[in-house]
Each structure stands twice: as structure tokens, then as C-alpha cells.
Amino acid sequence: MPARPRGHRRYFPPVHLLRRPSLRGTAVAVWLALVAVAAGATTLAAQTSLRINVVRSLAFDRLAPGMPTMSRGTVPTDTGVFEVLGPPGTPIEVWFTLPAAFDGPAGATLPLTFDPSSASFSAAQSTADRIPFDPRLRHQFRIPPSGRMLIFLAGRVLVGSDQAPGQYRASIVLFANQIT
Amino acid sequence: MTAITALLGRFLHRYAPRVRHAVLLASCAPSLLVAQGVVVSPPTLVIDHRVRSGALELFNPSDRPIEVRIEMLFGYPVTDSSGQFGLETPASPPPGMRAATTWVEAFPARLTIPGSGRQTVRFLARPPATLADGEYFSRVVVTSKFATPTAAGGADAIRTELSVEVRAVTTLLYRKGSPAATIRVSEATVTQGRDSLDVRVTATPGGTAAFLGTLTYALLNEAGAVVASHAQPVSIYVPVTPRVRLPLAGVAPGSYRLRVRATAERGDLPAAVILPVTASESITPLRIAPR
């Protein structure tokens, strides 16, 4: 075996220089396994317990006095999107505490309403298979085989003709209970 | 095939570090999230009476700090009139319920977890001196609060700011002595629909612990073969009457038996959480009518 040159830091020969085909195959398999482990590590960590991410918050832009404005599922930029991650098959219960209005300057309020079709969910992580549900009620789901599902929430803001300008604040609470 | 293997080998040998980094970066990317919730582990915390303390680890996967609040909540799963499970959260535990809510505390109860940081929350139990052997429970509510950006606009504009709180509800079980659970499954009530069977059974827990397991519904033909089935993970603290739908696609009219079996198995929970229970089952003869 030739002497290893000084400063040589390669711990194993390149895969294409391995003479025995079985060794080549093993080396490739090891590399692929490493890549697969690296890719799966984060997903696995996320799936050991329930986790909720806010992908997009409900947004009401471009409001002006006297302008009744809607935020529907058909306006994607205005729809809130929540991502639920968990072990596949886990039964979960999801419910919201929804505000009736935004609180504004000098006691002004901005009514905010939700109806029975204001929310929907997708087990296939797409907008094509969304199943509507009433966000004012509790709902039970099963985490799909992918370990990920999306919940969409839209609302409606009614702006008065003499609505005071300024900053309006409200808060939404999303509960997610892993049923154990 | 050999040429492809050699090509792949050359590529991986040359670019392996870059590939690894790219895959790691891609898998860790926040994918345009407004906010990421904390990861709570383990999903079910079990505290032994001999130790009287336990810990949850919270991990903030985002690059921003998250304010977190920990609260104890009394609650247990029940079924409603439609057979759906939900968390019942009475203001005070009904008599006979083994609640741990009032004597378990979290430290710290409020904290800020830095981006990519971890924080351990310890739970200290101070049970009454006269506490009987058995399993006691509480819910742990982990609240993460996110502020969302204010909508843009001038001084005469109406600007809205909607903050979002995410409350993840997990379970704390406190076990003293050797708690034991039992389960009894009643005969099923079956209603045939156009394309499915509507099945309801009453599952009644017993013993000194909740039943954590799975209800398995199997429709057996006359030869004993399973022609339709459904598995339902359950946690049973009080008698419940869940409802499931068994699809009848490909099931011919005729005589069948419906077997409902309760077993102490849950794929989504660590084995240490599950107490061994003698399986219970019921068999209900039924007839599938032509559709």
C-alpha cells in the first residue's frame, strides 16, 4: 500500500475509486442515509409532540372610514393560516377564542365577525381540499400521515362611515389539545 | 447501473458537504412563517410520587424570542351527543375525579425563550399528606404569544394589529403507588347509512387510573375475516360513547359481526406512559342490508 502523503486528510477513498462493486454500493448507501437522516432530523423533532406555527396572520389592510371590508378565504393575503404539526394519527381538539371587535383610539371599536364557514382545514396541505368548519366551535381532527395540517381562518371587519382613524388592536387565541 | 452508481458516487464525494448543508438549511428553514410555536416535550409528562417533580423541555425553533406562559388547567376528554371527543374543563373538579391541578406548580411559570433556545420548566408536586394511591392528572397549557405587524397606513388611516396566542394543551399524570386501569366496552349500537355504518359503543373505565389506549372496530364476515376496520386512539377518564363511521365500500349484504376491542396501545405516546390493561371487547351481530 503506498505511503500516505504528508498532510493527506482523506479518510476514505472516493466512491468511484473503490474497486469492489459491493463497497461502492455500501458507500453510496451510507451517503444517502446520512443525507436522509439530516433531512429527517428536523421533521422528526417537530413530530414528537404537538406544535403550532402561525404561517400567516389574519390581516386587514387598506381600511378607510365608510368602507365595509371583507376578509374571505378567496383573498389569500387576508386569510390567517396556522400549521399544526404532530405525530401522525394523533387525535387533537382545536378551538379559538375570537374577539368581537378591535379596540381603537378613545374607546372606538371596529367590529370583527366570524361565521360558520370562516374557518377551514386541509390535511393535504393545499388550498384545493379545504373543508370548512365553524371557528366558534370546538373541532376534533386527526393528524394526517404527513404529520402536518393547515388551518385557515378568515373574518369580516365592518368599518363605520365615521370610523375614527388610528391604531386598533385585538387578540386571537388558538387552543390545540392533544387528546390524552 | 454501474455507471450511474459511479456518477452518483463522484457527485456525492465531491459535493457531500454542500449537499448536507443544503439539506439541513432547507429542512430548518422557517418557510415564511410569521411565528413558530414552541416545541414541548415530552407530550405527556408523568411524575412519580416518590420523586414529586418532573420537567418539560421547551424549544424555540425560531430565530426570535418567544414569551411563554405555563398554566395548570383541570380537564378531561368527554364525548358529546354526536359522539365527538372534546376537552371538558369544569371550573372545579367534580367529586371523585383525581385532579392534580391545585397542588402541582410550574417553575418558572413565565419565561422568554431566546431564538433557537431551550428552557426547562420544572413541575413540583405538593400533594395532600392523605393522598390515596392512584393516578392523578392535570392539563398543562403552554401559551406562546406573537405580535403581528401593524397594517401600514398614514395618520388618517385605520390601522389594525391582531396578536395571536397559541395555547398548546398537554397532559400531566401524577402516579402514586401502583395505579391500575381497567376498561369495559359495551355492545355496539349500529345504524346503517348509504355507504357506511354508524357505530357507537360505551367505554367505561375503572380502577385508579385513566385508560390510555385504542378502540379498534372490525367488521367480520361469516368466515371471521375482517372486511372493514377503524382504529381510534382514546384517553378515557369517564364513561364515553364515541361514534365512528365504518366505510362499507366493497362489503356485500349479509350477516356480519362487529368486534370492538379496547387495548392499551397508543402509537403517538411513549410506552412508559401507557399502563398495562387487560383488553376488553364486545361482539355485536348485525346484518348489512342491500344498498
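Filter the range B:114-125 down to residues that are among the basic types (Lys, Arg) and over 24 Å from the mean Cα position of the chain (by Cα), then give me how many there are.
Selection size over the range B:114-125: 0.
Output the strands (runs of 3 or more DSSP E) that fall wholly within the range B:170-226 and possess 3 or more residues being within 21 Å of the chain's Cα centre (by Cα) and touching a residue at least 60 places away in the same chain (Cβ under 8 Å), or say none.
Those strands (runs of 3 or more DSSP E) span B:181-185, B:211-220.
Here are some conditions: (1) modelled with pLDDT of 95 or more; (2) open to solvent by 50 Å² or more (accessible area, probe 1.4 Å); (3) under 27 Å from the mean Cα position of the chain (by Cα); (4) not charged (D, E, K, R). B:Val238 meets all but one. Which one does it not meet?
Looking at each condition in turn, B:Val238 falls short on (2).
Do we have B:Thr120 as touching a strand residue (DSSP E or B) at 6+ places or on another chain (Cβ under 8 Å), surrounded by fewer than 16 Cβ atoms within 10 Å (Cβ to Cβ) and in contact (Cβ under 8 Å) with a residue 60 or more places away in the chain here?
Numbers: touching a strand residue (DSSP E or B) at 6+ places or on another chain (Cβ under 8 Å): yes; surrounded by fewer than 16 Cβ atoms within 10 Å (Cβ to Cβ): yes; in contact (Cβ under 8 Å) with a residue 60 or more places away in the chain: yes.
Considered against the rule, which asks whether it is touching a strand residue (DSSP E or B) at 6+ places or on another chain (Cβ under 8 Å), surrounded by fewer than 16 Cβ atoms within 10 Å (Cβ to Cβ) and in contact (Cβ under 8 Å) with a residue 60 or more places away in the chain, B:Thr120 comes out as yes.
Exactly one condition in (1) assigned to a strand (DSSP E or B); (2) surrounded by 15 or more Cβ atoms within 10 Å (Cβ to Cβ); (3) within 22 Å of the chain's Cα centre (by Cα) is not met by B:Leu111; state its number.
The one condition B:Leu111 does not meet is (3).
Confirm whether B:Ser196 is among the hydroxyl-bearing types (Ser, Thr, Tyr) and open to solvent by 20 Å² or more (accessible area, probe 1.4 Å).
no
B:Glu161 - would you say it is open to solvent by 20 Å² or more (accessible area, probe 1.4 Å), in contact with a strand residue (DSSP E or B) (Cβ under 6 Å, 6 or more places away or on another chain) and not in a strand (DSSP E or B)?
no
Within the range B:76-87, track down each residue that is without any contact (Cβ under 8 Å) to a residue 40 or more places away in the chain and open to solvent by 40 Å² or more (accessible area, probe 1.4 Å).
Hits for the range B:76-87 are B:Asp80, B:Ser81.
What number of residues in the range A:115-129 are within 21 Å of A:Asp61 (Cα to Cα) and open to solvent by less than 20 Å² (accessible area, probe 1.4 Å)?
Going through the range A:115-129 one residue at a time, the tally reaches 2.
Quickly run through the range A:145-154 and pick out the residues that are more than 19 Å from B:Ser163 (Cβ to Cβ) and crowded, with 17+ Cβ neighbours inside 10 Å. Let's see the steps before the verdict.
Step one: of the range A:145-154, the residues more than 19 Å from B:Ser163 (Cβ to Cβ) are A:145-150.
Within the range A:145-154, A:Gly147, A:Arg148, A:Met149, A:Leu150 meet the criteria.
Residue-wise test of (1) open to solvent by less than 40 Å² (accessible area, probe 1.4 Å); (2) in contact with a His (Cβ under 9 Å, 6 or more places away or on another chain); (3) part of a strand (DSSP E or B); (4) farther than 24 Å from A:Thr90 by Cβ.
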site: B:Ile47; (1), (2), (3), (4): yes, no, yes, no
site: B:Arg50; (1), (2), (3), (4): no, no, no, yes
site: B:Leu58; (1), (2), (3), (4): yes, no, yes, no
site: B:Val68; (1), (2), (3), (4): yes, no, yes, no
site: B:Pro90; (1), (2), (3), (4): yes, no, no, yes
site: B:Thr102; (1), (2), (3), (4): no, no, no, yes
site: B:Gly115; (1), (2), (3), (4): yes, no, no, yes
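Among the candidates B:Leu162, B:Leu172, single out the residue that is at pLDDT 90 or above, farther than 22 Å from B:Arg245 by Cβ and within 14 Å of another protein chain (Cβ to nearest Cβ).
Just a single option satisfies the conditions, and that option is B:Leu172.
If I ask for residues that are away from chain A (no Cβ under 14 Å) and either in a strand (DSSP E or B) or not aliphatic (A, V, I, L, M) (or both), which ones from the range B:230-252 would you list?
B:Pro239, B:Thr241, B:Leu246, B:Pro247, B:Gly250
Name the single residue that is nearest to A:Pro99 (Cα to Cα) among those in the range A:155-179 being open to solvent by less than 10 Å² (accessible area, probe 1.4 Å), touching a Phe, Trp or Tyr at 6+ places or on another chain (Cβ under 9 Å) and not hydrophobic (A, V, I, L, M, F, W, C).
Top of the filtered list is A:Gly155.
The values are calculated or read from the model by the stated rules, or taken from the named source; none is laboratory data. Keep in mind the model is a prediction, meaning the values are calculated, not measured. Every residue, glycine among them, receives a Cβ derived from its backbone with ideal geometry; neighbour counts consider all protein chains shown. When the accessible area is computed, the model is the full protein with side chains, heavy atoms only, and any ligands, DNA or RNA have been set aside. Shrake-Rupley method; radii C 1.70, N 1.55, O 1.52, S 1.80 Å.
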